[in-house]
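The values are calculated or read from the model by the stated rules, or taken from the named source; none is laboratory data. The shown structure was predicted, so the numbers you read here are calculated from the model rather than taken from an experiment. Virtual Cβ from ideal backbone geometry, glycine too; neighbours counted across all protein chains shown. Note: areas computed on protein heavy atoms with side chains; ligands, DNA, RNA excluded. Shrake-Rupley method; radii C 1.70, N 1.55, O 1.52, S 1.80 Å.
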Amino acid sequence: MVYIRRERINFFEEGSDWHQRALVFVKKVEDITKVLAELDGLQFTKPLNYMITYQPSCHVTNVQRITKEPRQLMNQVPGVSVNEMNDPDFCCGSAGIYNIVQYDESMKILDRKMGDAEATDAQVIVTTNPGCLLQMKYGAERASTGQRAVHLIELLAEAGPMAR
């Protein structure tokens, strides 16, 4: 089952073999940010002395309902300052393949998002979705903001080995 705008949508007929298999599979899958945030004593050893801003991906926020864990992990990185965007939950325009099938509209959305990102004075834009990451990288290049975009896991890896 998938949640879209808080509505439950089943891809398989309830009670069918495929529906049961899907339910078993869903119980085995967890977002990496949630797994890492639940580790007791997780520490990062290399200070990263720069300002970051967070672009929460729509699927992590709206579908998986994961909002605090990515921010918790960013705040555990020594030397990092987080400056939130004015409207962090506004989409970046990637939206699956929306940026391909509706390029012009996607770029309007991206331009607004990049304005919000640039206003934070952050050197790094962090996100948790590969599509958002590509969109934000393109946006930073297109807007010549001098910012770089990274996946949260890349940021954590840059912060050095994790100790437990």
Phi angles of the stretch 40-56, converted by Karplus (6.51 cos²θ - 1.76 cosθ + 1.60, θ = phi - 60°) into ³J(HN,Hα) in whole Hz with x for Gly and Pro, give 6, x, 5, 9, 10, 9, 10, x, 10, 8, 8, 8, 10, 10, 10, 9, x
For the stretch 132-140, in residue order, the Karplus 3J(HN,Hα) values (coefficients 6.51, -1.76, 1.60; θ = phi - 60°; whole Hz; Gly and Pro = x) are 4, 4, 4, 5, 5, 4, 5, x, 5
Filtering chymotrypsin sites (Phe, Trp or Tyr not before Pro) in the stretch 4-83 by DSSP loop and by at most 15 other Cβ atoms within 10 Å leaves Phe11, Phe12, Tyr50
Hull volume per residue for the stretch 5-85, using the convex hull of the C-alpha atoms, in Å³ is 105 Å³
If one builds a Gaussian network model of the chain from Cα atoms under 10 Å apart, the most fluctuating residue listed among Leu48, Leu39, Leu134 is Leu39
So Leu134 and Glu158, fully extended at 0.36 nm per residue minus their Cα-Cα distance, gain in nm 6.8 nm
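So, with a 1.4 angstrom probe, what is the percent of accessible area on the stretch 1-134 that is carbon and sulfur?
53 percent
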Fraction of alpha-carbon pairs in the chain farther than 21 Å apart, rounded to whole percent, equals 52 percent
Here the FRET efficiency for Lys68 versus Val26, based on Cβ atoms and R0 = 25 Å and rounded to 0.05, is 0.75
Under the Karplus relation with 6.51, -1.76 and 1.60 and θ = phi - 60°, whole-Hz ³J(HN,Hα) for the stretch 26-37, x at Gly and Pro, equal 4, 5, 9, 9, 9, 5, 4, 5, 5, 4, 5, 5
In the stretch 21-136, lysine pairs 8 or more places apart or on different chains with C-alpha atoms under 30 Å apart total 9
With Cα springs under 10 Å, the Gaussian network model of the chain assigns the largest mean-square fluctuation among Ile32, Ile125, Ile52 to Ile32
So, relative contact order of the stretch 1-110 in percent, Cα under 8 Å, 6 or more apart, is 23 percent
